[in-house]
Amino acid sequence: MYIKYQPNPKHKKVGDCVVRALCKAMNKSWTEVYDDLCKIGREICDMPNDKATYKKYLLLNGFRYVSYKPEYGSSRPTVDNFSKHHNDGKVYVLSLAHHLVTSVDGNYYDIFDSGSYCVYSWFEK
């Protein structure tokens, strides 16, 4: 089920889906996550919202990366479908096309309803 989630302290929609998703996944404030990502980005000379940066951040914080490749003839799960079938108490950070969203206990958290978007890979903890 979709739950509106906007941790940005100024309630801006500024292309910060990585920071928003990780706020929910890490139970941290927007500023804490942004600063953490900037530190890693500086270390690896990459942007805070780049996949290499947030992947390193999640792996350093105990998440496991799962690459998903559907079997021939099948389709990728949507955020809504994935969330309904992964209500096991784990935290999932779902990678969509140019977007990240967090799913916990069958709910997905975002500033808009991304439930119809396809999941390409995810991180779980």
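Calculate for the chain the 222 nm mean residue ellipticity that helices alone would give, adding -39,500 (n - 2.57) per DSSP H run of length 4 or more and normalising by residue count, nearest 500 deg cm²/dmol.
-10000 deg cm²/dmol
Can you list the HN-Hα couplings for region 15-29, worked out from phi with the Karplus curve (6.51, -1.76, 1.60; θ = phi - 60°), rounded to whole Hz and with x for Gly and Pro?
So the Karplus estimates, Gly and Pro as x, are x, 9, 4, 4, 5, 4, 4, 6, 4, 5, 5, 9, 6, 10, 6 Hz.
How high is the relative contact order of region 2-124? Use alpha-carbon pairs under 8 Å, at least six apart in sequence, and give a whole percent.
Working: 208 pairs, mean separation 39.2, N = 123.
Normalised by residue count, the contact order of region 2-124 is 32 percent.
Along region 103-114, what does the Karplus equation 6.51 cos²θ - 1.76 cosθ + 1.60 (θ = phi - 60°) give for ³J(HN,Hα), rounded to whole Hz, x for Gly and Pro?
10, 9, 6, x, 10, 10, 10, 6, 8, 9, 7, 9
Relative to the longest principal Cα axis of the chain, at what angle does helix 51-60 sit, 0 to 90 degrees, rounded to 10?
The two axes meet at around 90 degrees.
For region 18-52, state which trypsin sites (Lys or Arg not before Pro) are in a DSSP loop and have at most 15 other beta carbons lying within 10 Å of their beta carbon.
Details: sites: ARG20, LYS24, LYS28, LYS39, ARG42, LYS51; in loops: LYS28.
Taking region 18-52 and a limit of 15 other Cβ atoms within 10 Å, no loop trypsin sites (Lys or Arg not before Pro) are found.
Applying 1/(1 + (r/R0)^6) with R0 = 35 Å to the Cβ-Cβ distance of SER116 and SER29, what FRET efficiency is obtained, to the nearest 0.05?
0.75
Report the gain in length on full extension from ASP105 to LYS13: 0.36 nm times residue separation, minus Cα-Cα distance, nm rounded to one decimal.
Stretched fully, the ASP105-LYS13 segment lengthens by 30.6 nm.
Most exposed first by the Cβ proxy, i.e. fewest other Cβ within 10 Å, how do THR102, THR78 rank? Could the numbers behind the result be given before it?
Numbers: THR102 23, THR78 18.
Fewest to most other Cβ atoms nearby, the residues stand as THR78, THR102.
Report the net charge of residues surrounding TYR2, where surrounding means a beta-carbon distance below 15 angstrom and charges are Lys +1, Arg +1, Asp -1, Glu -1.
After counting each charged neighbour, the total is 0.
With labels modelled as points extended 7 Å from the Cα through the Cβ direction, what inter-label distance (nm, one decimal) is found for LYS51 paired with LYS69?
1.4 nm
Antiparallel as a % of all DSSP beta bridges within the chain, to the nearest 5?
Given both bridge residues lie in the chain, the antiparallel proportion sits at roughly 85 percent.
Every read-out reported here was derived from the displayed coordinates using simple, explicitly stated rules and does not represent laboratory data. Just so we're clear, the structure is a prediction, and the values are computed from it rather than from any experiment. Note that each Cβ is placed from the backbone with ideal geometry, even for glycine, and that neighbours are counted across all protein chains shown.
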